[in-house]
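Undergrad: Below is a structure I'd like to ask you about.
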There are 2 protein chains.
Amino acid sequence: MSVPVQEETLRARKRTATLLTIRTAAIELGLEKGYENVTVEMICEASMVSQRTFFNYFGSKEGVFVTAGKNMPSPEQVHGFVEGTGSSVFGDLFSLIADTMVDGDPNLKLFRSRHQLIAQTPELLNREKARISETEEAFVGYVMARYHFQGRDVSSTPDLEDEARMVVALVSGAMRYAMQKWVAGNFTATRTELVRSVSALIQRVTANEHWP
Amino acid sequence: MSVPVQEETLRARKRTATLLTIRTAAIELGLEKGYENVTVEMICEASMVSQRTFFNYFGSKEGVFVTAGKNMPSPEQVHGFVEGTGSSVFGDLFSLIADTMVDGDPNLKLFRSRHQLIAQTPELLNREKARISETEEAFVGYVMARYHFQGRDVSSTPDLEDEARMVVALVSGAMRYAMQKWVAGNFTATRTELVRSVSALIQRVTANEHWP
DNA sequence: CAGCATATTTGCAGTTCCTGTAAATATGCA
DNA sequence: TGCATATTTACAGGAACTGCAAATATGCTG
């Protein structure tokens, strides 16, 4: 009758709790005093752990602010993208990335605070950009998989991988644009609307072009 | 008769010499041992200056490798872009940025060594990317200026600045794509060819789209 | 050239981030 | 309960970086 409630072991729960405690304290301090005026020591004192534990969890001071939980799409998400109805690689990829960033984080409040802090701290913003761009390689793979699923092949299109890279680069650019608007608070819309709005802008921009 | 040879004062020449000595030593050591295995102390010993002097010059360890001086486009370049014949914002902006990056470094040998080291050091590569993306804000301004020069105005197009940002974001994405290829050594072409190639790819990618 | 003003270099103390190591403590499990 | 393993902690120390004031070098004027 009684379902085992113990989905997670005590250890795991404590770990999660500690991680969240530290991160919350860090972000709170960061927003209050500014990133560079917060020392690891302060964060540790506020969250009642040793410095060594802090570094065990996050590896670096920046890590506690920048590293989100998992920010790679789940296999299901990837599958959905690869075999998607997919008339629009661009829109679909944008959605996939947006999903990965937003839905991955269960705590929306913390997520927003985190991004507010990152947005107002050049050092963290750069790191965040770097982190995002590091995942691009994976996305190139997904786009290629999708192309293959659609029957497109390297034999028919020799520079198919270049094409994939370009798609990822463009989406990435669009993503940065969207993130910028989002943290600036100009996007209260749902993600669907956001995708639509961004897509429209891209279309307009590219349509206006008289290419060289 | 004798033209004053003293274009630069002794002080200035010494400064330049010291800077070059330190940077050269640093890059040599970096290529030899790898970035993270080189300490500032080693660089200082090799170039016979104190650590304090090192930091006076470069501000940080990364600085000696990444900072190339400021490379923003000259007023003439900007003017050329703003009032350009301009059938293609995209291509023109891409060219402007490419010009800005390649220009300016008188010492080609060192320039190449530097980029080789940056390319093989993720930490430096990220920093380099960050440095580039920091100039994006300025480019948004140039695009807006160009729009205005073309008679486009915020009154007729309320979200003109959004459009400018999107253009910069997309070009920036394309730029990263190009840099990636460049670092990988797949681009031996001239910049004109590079622009053409990138443009063609963008057109193909966007043309294939069935936008949402 | 002397001598003063200013620029540059340097030494040194101190802060902060971060790492290795080994001991102490907590949890999981038989 | 008691052992295996995971987690936390203290401690020592390396390396990046900053502020400060003294020492040195250069520029300039008379």
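Every read-out reported here was derived from the displayed coordinates using simple, explicitly stated rules and does not represent laboratory data. Worth saying up front: this structure is predicted, and the values here are computed from it rather than measured. In this analysis, Cβ positions are derived from the backbone assuming ideal geometry, glycine residues included, and neighbour counts consider all displayed protein chains.
Undergrad: What does the copy distance list look like for A:Lys14, label position 7 Å along Cα→Cβ, in nm and ordered from shortest?
TA: 6.2
Undergrad: Got a sec? How would B:Leu93, B:Leu201 order by Cβ neighbour count within 10 Å, fewest to most?
TA: Fewest to most other Cβ atoms nearby, the residues stand as B:Leu201, B:Leu93.
Undergrad: Same structure, new question: Find, among the residues of chain B, the one whose Cβ sits nearest the axis of the rotation taking B to A; state the distance in whole Å.
TA: Checking which Cβ lies nearest the axis yields B:Gly173, 1.
Undergrad: Copy-to-copy spacing for B:Ser60, label 7 Å out on the Cα-to-C-beta vector, in nm, shortest first?
TA: Copy-to-copy label distances for B:Ser60: 1.0 nm.
Undergrad: Moving on. Would you mind checking segment B:44-67 for residues with the amide N under 12 Å from a putative spin-label position 7 Å along Cα→C-beta of B:Lys14?
TA: None, by backbone N distance to the label point.
Undergrad: Give the order of B:His210, A:His115, A:His79 when sorted by the count of other beta carbons within 10 angstrom, beginning with the fewest.
TA: B:His210, A:His79, A:His115
Undergrad: Rounded to the nearest Å, what's the spacing between the alpha carbon centres of segment A:118-159 and segment B:134-159? Just the number, please.
TA: 28 Å
Undergrad: Related question: What's the exposure ranking of A:Leu20, B:Leu110, A:Leu29, going from fewest to most Cβ atoms within 10 Å? Intermediate results must be reported in sequence, preceding the final value.
TA: Values: A:Leu20 13, B:Leu110 16, A:Leu29 20.
Ascending Cβ contact count within 10 Å gives the list A:Leu20, B:Leu110, A:Leu29.
Undergrad: Pairs to check: A:Lys61/B:Lys181; A:Lys61/A:Lys109; B:Lys61/B:Lys129; B:Lys14/B:Lys109; A:Lys129/B:Lys109; A:Lys129/B:Lys61. Give those whose C-alpha atoms are more than 26 Å from each other in this structure.
TA: Table pairs above 26 Å Cα-Cα are A:Lys61/B:Lys181; A:Lys129/B:Lys109.
Undergrad: With the label 7 angstrom out along Cα to Cβ, how close does B:Ala207 come to the same site in each of the other copies, in nm, nearest first?
TA: Shortest to longest, the spacings are 1.7 nm.
Undergrad: What list of ³J(HN,Hα) couplings, whole Hz, do you get for segment A:128-134 from phi and the Karplus terms 6.51, -1.76, 1.60, once you set θ to phi - 60° and write x for glycine and proline?
TA: So the Karplus estimates, Gly and Pro as x, are 5, 4, 4, 4, 4, 5, 6 Hz.
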